[in-house]
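The values are calculated or read from the model by the stated rules, or taken from the named source; none is laboratory data. These numbers were taken from a predicted model, which means no experiment stands behind them. Neighbour counts are summed over all protein chains in view; Cβ atoms, including those assigned to glycine, are modelled from backbone coordinates with ideal geometry. Side chains included, ligands, DNA and RNA excluded: accessible areas come from the protein's heavy atoms. Shrake-Rupley method; radii C 1.70, N 1.55, O 1.52, S 1.80 Å.
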Amino acid sequence: MWCAGASLDIQGEIVASLGKNQAIEVQAEYIQVIGPTYGGQNGEIGAQFYPLAKKFHTPEHLRQNAHLRARSRLGSAVARTRHALAFATHEFFQKRGFLYIHTPLITSADAEGAGEQFTVTTLLPQSDVENKQIKIDYAQDFFGRKCGLTVSGQLNVETHAVALSDCYTFGPTFRAENSHTSRHLAEFWMIEPEVSFANLYDDINLATDYLKYCVAAVLARCDDDLAFFESVHEAGLRARLKSLINTPKFTQLDYTQAISLLQKVVQDHPKNKEPIFENSNIVWGMDLGSEHEKYLTDIIFNGPVVLINYPKDIKAFYMKLNPDNQTVAAMDILVPKIGEIIGGSQREDNFNILVQRCRENGIDPHHISWYTDLRKYGSVPHAGFGLGFERLVMLVTGCPNIRDVIPFPRYPGNAPF
């Protein structure tokens with residue numbers, strides 16, 4: 001006897017199928033149950049309480065049973081697509097002569113300066129936590145200083161890029177941001193290449209080529225799974241992906257121009273109708289929200305957009321200051337349905353300006369002297385970008401929630417597996 005969830009040894013002849021929606025079938029000559037499903041009323045063989053009974057399951061139900069999610073059609077399709085994208089990532093950079101560098105997960109530097117790191121410490125006795133008397137002398141801690149889980153491998157990979165030329169890192173990163181949106185995770189994977197003797201426009205070209213390469217790889221290698229995603233998530237998914245890779249050059253737009261366009265949209269919108277944006281206060285210097293990014297890609301330009309030259313006050317300290325002293329040589333690649341998928345910049349290669357930018361952002365240059373040293377000893381122009389791997393998976397699968405494109409999603413209040 002067998003039921004849903006059981007593993008079987010089936011031997012027989014594979015023949016063309018006369019059934020619907022399947023090309024082949026097995027004419028079984030021998031069947032043996034290897035692993036029964038013990039999901040009966042009292043733990044006996046049966047599927048009554050098997051979490052993945054043969055019926056439609058919501059994404060929420062599959063998340064609650066993430067240890068079994070890979071057995072579902074959605075979970076297995078995402079896993080194969082994710083594998084194809086990871087393979088294509090390494091393939092792309094290896095073909096271009098990049099070195100794969102392993103950067104640390106525990107660090108004393110906050111690459112983004114946002115203060116959203118998970119702290120790593122061995123000095124939290126349970127009694128102190130219960131009494132809320134948490135005072136830590138980090139000099140006595142395991143590493144002798146305050147450390148956290150990395151939010152980015154970029155600063156570390158730069159040390160190799162300015163010595164060995166083109167490098168990249170691809171690994172897990174962490175952010176202690178109390179966000180419950182469908183676009184954020186506390187643990188996610190990042191691809192971060194760094195290129196020496198490169199400016200912002202070299203960076204844009206590399207990022208565009210990489211994005212197109214990955215999308216083309218999935219179209220070539222995961223067609224059956226993309227057809228499935230079209231049936232459950234987004235009709236016309238493959239057509240959208242083909243449109244992306246066939247776009248000769250992504251629209252390039254200065255941040256200031258984007259602000260002007262969005263201001264005009266708000267200004268021209270009838271006052272007696274629902275506002276287009278939740279945040280209609282469009283001003284220069286604001287950090288554009290996902291709704292603004294998607295309006296640019298999905299409505300105004302109907303395709304990918306590269307925004308460049310952002311205000312320095314909303315970007316990281318390491319981005320190269322432009323001659324106007326107000327903006328930095330930064331870029332974000334925005335794509336339809338997702339918004340921002342890649343963020344990058346030319347790096348500040350002038351020692352004095354980098355130290356000044358550290359101080360402007362509340363960072364003590366002494367704490368990252370190893371990083372500023374790179375500008376003291378044979379500095380070169382260099383650039384790089386970061387891509388959140390899960391957002392790339394969302395792009396090619398059409399999955400609307402980032403929690404469904406990683407095997408075990410971590411977000412506020414959720415880390416059961």
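Label sites at Ser76 and Glu44, each approximated as a point 7 angstrom past Cα along Cα to Cβ, lie 3.0 nm apart.
Only helical DSSP H runs with n ≥ 4 go in: add -39500 (n - 2.57) per run for the chain, normalise by residue count and round the 222 nm mean residue ellipticity to 500 deg cm²/dmol.
Dividing the helical sum by the residues of the chain leaves -9500 deg cm²/dmol.
Classification of the stretch 134-268 by its C-alpha gyration tensor yields a prolate form. The axis ratio a/c (a ≥ b ≥ c) is 1.5 or more, and a/b outweighs b/c. A Gaussian network model of the chain, with springs between Cα atoms under 10 Å, assigns the largest mean-square fluctuation among Glu291, Glu25, Glu278 to Glu25. Between the alpha-carbon centres of the stretch 193-262 and the stretch 326-372 there is a gap of 23 Å. Judged by the ratio a/c of the largest to the smallest principal axis of the C-alpha gyration tensor, the stretch 332-387 counts as prolate, that ratio being 1.5 or greater while a/b is larger than b/c.
Solvent exposure of the chain, expressed per residue, is 51 Å² of accessible area, with all protein chains present and a 1.4 angstrom probe. Seen from Gln64, the other residues with C-beta closer than 15 Å to its C-beta sum to a net charge of +3, counting Lys and Arg as +1 and Asp and Glu as -1. Evaluating 6.51 cos²θ - 1.76 cosθ + 1.60 at θ = phi - 60° for every residue in the stretch 268-275, the Karplus couplings come out as 7, 6, x, 5, 8, 10, 4, x Hz, glycine and proline recorded as x. For the stretch 328-343, backbone phi angles converted through the Karplus equation (6.51, -1.76, 1.60; θ = phi - 60°) give residue-by-residue couplings of 10, 7, 10, 9, 10, 9, 10, 10, x, 6, 10, x, 5, 10, 9, x Hz, Gly and Pro being listed as x. Ranked by the mean number of other Cβ atoms within 10 Å per residue, highest first, peptides 91-99, 378-386 order as 378-386, 91-99.
Karplus-derived 3J(HN,Hα) values for the stretch 5-14, using 6.51 cos²θ - 1.76 cosθ + 1.60 with θ = phi - 60°, are x, 6, 9, 10, 9, 10, 10, x, 9, 7 Hz; glycine and proline are entered as x. Note on Ala16 and Phe277: with the Förster distance fixed at 60 Å, the Cβ-Cβ geometry gives a FRET efficiency of about 0.65. Working value for the stretch 352-417: equivalent-ellipsoid semi-axes of 37, 17, 11 Å, each the square root of 5 times a Cα gyration tensor eigenvalue, largest first.
Here the calculated FRET efficiency for Glu291 and Thr122, from their Cβ-Cβ distance with R0 = 41 Å, stands at 0.45, rounded to the nearest 0.05.
In this rough spin-label picture, where each label sits 7 Å from Cα along the Cβ direction, the Asn325-Asn199 distance is 2.2 nm.
Could you rank the peptides 156-165, 71-80, 330-339 by their average count of other C-beta atoms within 10 Å per residue, with the highest value first?
By packing density, highest mean first, the sequence is 330-339, 156-165, 71-80.
Peptides 233-242, 252-261 ranked from most to least packed, by the mean per-residue count of other Cβ atoms within 10 Å: 252-261, 233-242. Largest first and in whole Å, the equivalent-ellipsoid semi-axes of the chain read 42, 29, 23, each the square root of five times a Cα gyration tensor eigenvalue. Could you work out the relative contact order of the chain, using alpha carbon pairs under 8 angstrom and six or more residues apart, expressed as a whole percent? The value is 17 percent. For Pro248, the shell of other residues with beta-carbons less than 14 Å away shows a net charge of +2, using +1 for Lys and Arg and -1 for Asp and Glu.
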